[in-house]
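The structure appears below as structure tokens.
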Amino acid sequence: MRRFRIAAMVLAGCVTAANADPLALSLFNPAPMTANATFYFTTSVGAIAQQLPTFTTPYTTSGRPLFSSDATVTGPAGSFTVGRMVDMPLPGRNTRIEFTLSGFTADTTIIGGQGFNGGTTLYSIAGTNTSGCGGCDGTTTVRYGYNEIGGTLALKTDLMIAPLWTLTPSAGLLLSRSNLNYESHTPFYYNAPGFTPPAAVNETLTTWRTGAELGLNLGYQATPALKLNAAFSAALYSMSTDFDGKDCFSGNQSSALPCNGSIFATVVTQSDTRFGSRERLLLSAIYDIGWSRLSIMGFSSWDDAMPGVVNPTTGGVPAQIKYEARSSYGGAAAFTMPLDRFTR
């Protein structure tokens, strides 16, 4: 059976993304191919755990937030890569161009935030309305949802630095779109039985990232069929974030949501642009079974500025976009084959 040597390409997370970063491994493709394989593809499946910015409801009790929590969402991720060997005046061998599409989605729900009989103050996210809820308790349910999809175009080449050792520098362009959603429901229970006026908040951040990334992979050919790799990359990108939020607080004796906003119902929109950066570390093992390559890898990613929301805890201040440093980690398995075997 004809053997070939192709890189393992997988998705991972950023996500930074921004963000869970499903493009985390898009620049790491360390194993070379023989000249017999001009085109190749890789498909991968895995899972990512992404830390999200802290969410705090715009309600306070005894001067502190009724609900405030960090969350980590975990979900499936996948990617598909098409690569082509190219003849370019670069040092090394097996120069190649790769295009990758990848995606990730996850959600989780957290319940908490018991109030006190001293009462709760509710602020609208627009900062224009305030309402009291004296002598009542409130338990908040918050659903955190996150998804990201993106693509990369990368150039790579292999440098033999010693017997069995390969150094693979890479450079590429990236484009991704992520959505982070907070959905909060809080029915407030008065001392009087059966009276449960609900409050609700729904906030979404949509972020586009465009930028460039440099990577470096060190590979060791442990056996004729097994290659071990360690890779690091750093990305710099422009972030454009749109924030849309709405809330309501109803005086009706019903906890049905969404509430009708009989006390207040407000809307907030905001946009912001800034630069962000992301660093990644990847460890992988690639096994050549002759007609294809199988890969297993683990990764970690650090994002210096993930968009989130800061909700008001005083009157007159609307909800605003904030940024927090967050990390993600995960693993994936990949399957690689040359397209040439289907076209010859």
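The values are calculated or read from the model by the stated rules, or taken from the named source; none is laboratory data. No experiment lies behind these values; they were computed from the predicted model shown. We place every Cβ from the backbone using ideal geometry, glycine too, and count neighbours over all the protein chains shown.
Worth pointing out:
- Top-ranked residue in region 36-70 [being among the small types (Gly, Ala, Ser) and not in a strand (DSSP E or B); ranked as farthest from Gly315 (Cα to Cα)]: Ala37
- Looking across region 307-330 at every residue that is in contact with a Lys or Arg (Cβ under 9 Å, 6 or more places away or on another chain) and among the β-branched types (Val, Ile, Thr), the one that is surrounded by the most Cβ atoms within 10 Å (Cβ to Cβ) is identified as Val309.
- Just one residue in the set Thr241, Thr204, Thr210, Thr223 is over 26 Å from the mean Cα position of the chain (by Cα) and hydroxyl-bearing (Ser, Thr, Tyr); that residue is Thr223.
- Of all residues in region 92-111, those being hydroxyl-bearing (Ser, Thr, Tyr) and in contact (Cβ under 8 Å) with a residue 40 or more places away in the chain number 4.
- Test: residue in region 77-91 that is closer than 30 Å to Gly119 by Cβ, outside any loop (DSSP other than H, G, I, E, B) and in contact (Cβ under 8 Å) with a residue 60 or more places away in the chain: no
- Residue within region 322-333 that is farther than 29 Å from Phe41 by Cβ, in contact with a Gly (Cβ under 8 Å, 6 or more places away or on another chain) and in a loop (DSSP other than H, G, I, E, B) present: no
- Among the residues examined, Asn29 qualifies as at pLDDT below 90, under 25 Å from Leu101 (Cβ atoms) and out of contact with any Pro (no Cβ under 7 Å at 6 or more places or on another chain).
- Taking the criterion of being farther than 30 Å from Gln270 by Cα and either of a type in the set (Asp, Glu) or in contact with a Ser or Thr (Cβ under 9 Å, 6 or more places away or on another chain) (or both), the residues of region 224-251 that qualify are Lys227, Leu228, Asn229, Ala230, Ala231, Ser233.
- Residue match in region 238-253 (condition: in contact (Cβ under 8 Å) with a residue 60 or more places away in the chain and either surrounded by fewer than 15 Cβ atoms within 10 Å (Cβ to Cβ) or not in a strand (DSSP E or B) (or both)): no
- Scanning region 38-87 for residues that are within 25 Å of Glu324 (Cβ to Cβ) and among the aromatic types (Phe, Trp, Tyr), we see that the one that is modelled with the highest pLDDT is Phe55.
- Criterion violated by Tyr190 - all others in (1) touching a Gly at 6+ places or on another chain (Cβ under 8 Å); (2) modelled with pLDDT of 95 or more satisfied: (2)
- Odd one out for Lys227, checked against (1) without any contact (Cβ under 8 Å) to a residue 60 or more places away in the chain; (2) part of a strand (DSSP E or B): (1)
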